[in-house]
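Encoded as structure tokens, the structure appears first; notes follow it.
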Amino acid sequence: GDRAHAMFNFNEASKMYEEAIDFQAKIEEQPPLRSRMIPTINLGTCLRELARYKEAESVLTRCLNEAQSEFSDIALDEELYVRALTALAALYQAQSKYDAARKLFERAVPIARNIQESRSSLWLAENIAGYAETLRKSGDLPQAERHHREALEIRTRAVEEKSCTELELAVSYTQLGCTLAGMRQYKEAYEQHHNALSLRYRYLDFSHGLVSESLNYCAESLCALGRGGEGISLALHAVEIRKLIFGTSHPAYA
């Protein structure tokens, strides 16, 4: 399941996670809570990616409720609890239920800060960025910018410590660029998106979907800066990549 998930094969991954959950249910001795929750959270994440939102919400809500009922103050697995909270928050965000997502992130992020001592933790950066994206999409752009810059600082330290590649920075550059564009700070938005494009072009195949994403964001920023001629050429490249990846009948191509 994990391998299929890493390859973005969410249909196959969801089947594997369901099989793991069914197998655990048949075991006479109940597995530890962590062993039960991880495949359940992963299943919910796959269902979200497949836009099977009702099923995902049922799975993730049940998972969070189980975590809250079984965890004691003494034996709290805080990292796992944060995963359960943020998985459901990401689902609400995907459904544009920003208030519900924000409440869950506001419970999860302080716990993540408390348990993560490293100042270069990608896991912490991911949680902060997830919260920032909910803030951005709900219209709280100044707070979103502040949190995205914090996530970028954490990822930058991780790169300096060689605990990840520069490609990790592209995520923060893109999210910060989108936030700045929403604030009409188009010059810096373009710079952030161009940084992301440079890294993705360096590390990924030119026909990769993330390269297409960065091309499109750069094009939008250039058009907003009155440099439409440059922007159109980048947008056309992005369209060709999406045509190659998805075909002409997929919504991503449209």
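The values are calculated or read from the model by the stated rules, or taken from the named source; none is laboratory data. For clarity, every value in this text was computed on a predicted model and none was experimentally measured. No Cβ is skipped: glycine too gets one built from the backbone with ideal geometry, and neighbour counts run over all protein chains shown. Ligands, DNA and RNA are stripped out before the accessible areas are found, and what is left, the full protein with its side chains, is counted by its heavy atoms. Shrake-Rupley method; radii C 1.70, N 1.55, O 1.52, S 1.80 Å.
Over the residues of the chain, the helix contribution to mean residue ellipticity at 222 nm works out to -26000 deg cm²/dmol, using -39500 (n - 2.57) for each DSSP H run of at least 4. Comparing mean-square fluctuations of C218, C164, C63 from a GNM of the chain with C-alpha springs under 10 Å, the top value falls on C164. Peptides 132-141, 13-22, ordered by how many other C-beta atoms sit within 10 Å of their residues on average, highest first, read 132-141, 13-22. For segment 146-197, the list of trypsin sites (Lys or Arg not before Pro) that fall in a loop by DSSP and count at most 16 other C-beta atoms within 10 angstrom reads K162, R184. The alpha carbon centroids of segment 122-187 and segment 202-220 are separated by 18 Å. For a straight C-alpha distance cut-off of 28 angstrom, the lysines reachable from K54 (same-chain residues fewer than eight places away being disregarded) are K15, K26, K97, K103, K137. Modelled spin labels at C164 and S233, positioned 7 Å past Cα toward Cβ, are 3.3 nm from each other.
With distances taken between every two different alpha-carbon atoms, the chain has a Kirkwood hydrodynamic radius of 19.7 Å.
Just the protein heavy atoms count here, and of the accessible area of the chain at 1.4 Å, carbon and sulfur take up 51 percent.
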